[in-house]
Amino acid sequence: MSDIRFDPVTGNWVAIARNRLERPTEFIPLEQVRQQLICPFCRGNEEETPETLAAYHVDGEPLSEDDEPSSWTVRVVPNKYPSFSAANNVGFDNGPYDANSGLGSQEIIIPSNRHVASLSELTEEEMHVTFTACQHRLAIMRADESIRHGMLFMNCRSAAGASLGHVHLQLIGSPLISQHLQGRLSRNLESVQKHGQSLIRRVMNWEQEKKIRMIKQTDNFCVFCPFASRFAFQVWIVPADPQGSFIECPAAKRNELAHLCRSIVEHLENLLDHPAYNLLLHMAPFEASDYDHWYFELFPRLTCAAGFEWGTDIWVNPVSPEAAARRMQ
């Protein structure tokens, strides 16, 4: 069970996920226990996870009832220790505090039946099927009236928040819209009203013109280091035409996106000696996706936030995005 609580002083929502204390690695340095664990994400260990929600062949087609259960290439399972689940604060007096009693959803997308530690180790076919699965699961979440926003992300390696060495993505369906998302929606809507373009499209057009933070440009995507990068070597992958939502991204374009994500990870790992990293899909709440512009963000975990960042929410980045882009070209 988890409580979803609002802090009226900071304006932040927080999920109090008590069940995550049950994880065998909670509060223990992960490198001390990782070698002792049976990997629940590898082929043959399917019984170590909750029941499969979806599974896909190497061609992207779903497994049928007649298929061997272990013949999957990509598999989707519920998170065994979710941060979002049924809230249990109903009926309590919360005084000045707001809380949300809606249901959430949290899934794990396993991109390979082999024990691989990073996107860079996946085959092209595994990457393509993984992004197909991400689309399918997001579409299912969007159809659930109790879920207002879907957050797709990857924590790779322990310093980025991964609790298992087998690379995997997570998809969280949230019943609420955070202040962070509300702020982004407001800024984007203002840009659409004033300039007739989404805010991300205006940023992308500027980066395409100036080319000082540009890493790569194709007919479908623009890859660059954002002007106000919070982290060293932070990268945005922005579609030239957002097509309303990542969920509607055509197959050829989706496959190109998968290839770009893997190639950027390979570049960062070669440049920075295999750092931990996070991959995020930024998209609007489902109800507002018609005028938003989705994009992927990837950044290595090279430094730790300290007192100033936590106290002010102003981030200190030791590497300029211009220098990072030059090194990644």
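One table, with the values for the structure above:
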read-out	value
Meets criteria (among the small types (Gly, Ala, Ser) and under 16 Å from Ile108 (Cα atoms)) for Ala162	yes
Residues (crowded, with 22+ Cβ neighbours inside 10 Å and either within 27 Å of Ile38 (Cβ to Cβ) or acidic (Asp, Glu) (or both)) located in the stretch 128-153	Val129, Thr130, Ala133, Cys134, Arg137, Leu152
Yes/no for His149 being farther than 21 Å from Cys42 by Cβ and in contact with a helix residue (DSSP H, G or I) (Cβ under 8 Å, 6 or more places away or on another chain)	yes
Residue check, Gln217 touching a residue at least 12 places away in the same chain (Cβ under 8 Å) and assigned by TED's automatic domain parsing to the domain that holds Ala288	no
Within the stretch 298-312, tally of residues that are surrounded by fewer than 11 Cβ atoms within 10 Å (Cβ to Cβ) and part of a loop (DSSP other than H, G, I, E, B)	2
Restricting the stretch 161-184 to residues that are surrounded by 17 or more Cβ atoms within 10 Å (Cβ to Cβ) and assigned to a helix (DSSP H, G or I), the residue that is farthest from the chain's Cα centre (by Cα)	Arg184
Residues located in the stretch 189-209, provided they are surrounded by 12 or more Cβ atoms within 10 Å (Cβ to Cβ), without any contact (Cβ under 8 Å) to a residue 40 or more places away in the chain and charged (D, E, K, R)	Arg202, Glu207
Residue in the stretch 108-115 that is touching a residue at least 24 places away in the same chain (Cβ under 8 Å), in contact with a strand residue (DSSP E or B) (Cβ under 7 Å, 6 or more places away or on another chain) and over 25 Å from Pro250 (Cα atoms) present	no
Only one of Pro242, Pro275 that is at pLDDT 95 or above and either under 30 Å from Gly196 (Cβ atoms) or surrounded by 18 or more Cβ atoms within 10 Å (Cβ to Cβ) (or both)	Pro275
Boolean, Glu68 is assigned to a loop (DSSP other than H, G, I, E, B) and modelled with pLDDT of 60 or more	yes
Failed item in (1) crowded, with 21+ Cβ neighbours inside 10 Å; (2) touching a strand residue (DSSP E or B) at 6+ places or on another chain (Cβ under 9 Å), with Ala258 passing the rest	(2)
Residue match in the stretch 49-62 (condition: closer than 26 Å to Gly161 by Cα, out of contact with any helix residue (DSSP H, G or I) (no Cβ under 7 Å at 6 or more places or on another chain) and acidic (Asp, Glu))	yes
Per-region count, the stretch 117-127, residues over 26 Å from Ser174 (Cα atoms) and either under 17 Å from the mean Cα position of the chain (by Cα) or surrounded by 19 or more Cβ atoms within 10 Å (Cβ to Cβ) (or both)	5
Among residues of the stretch 140-154, those that are part of a helix (DSSP H, G or I) and in contact (Cβ under 8 Å) with a residue 24 or more places away in the chain, counted	2
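Results for (1) surrounded by 13 or more Cβ atoms within 10 Å (Cβ to Cβ); (2) at pLDDT 65 or above; (3) of a type outside the set (Asp, Glu), shown as yes or no for each residue.
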residue: Pro8; (1), (2), (3): no, yes, yes
residue: Pro24; (1), (2), (3): no, no, yes
residue: Phe27; (1), (2), (3): no, no, yes
residue: Arg43; (1), (2), (3): yes, yes, yes
residue: Gly104; (1), (2), (3): yes, yes, yes
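The values are calculated or read from the model by the stated rules, or taken from the named source; none is laboratory data. Everything quoted here is computed from the prediction, not taken from an experiment. Methodologically, a virtual Cβ is constructed for each residue, glycine included, from the backbone with ideal geometry; neighbour enumeration extends over all protein chains shown.
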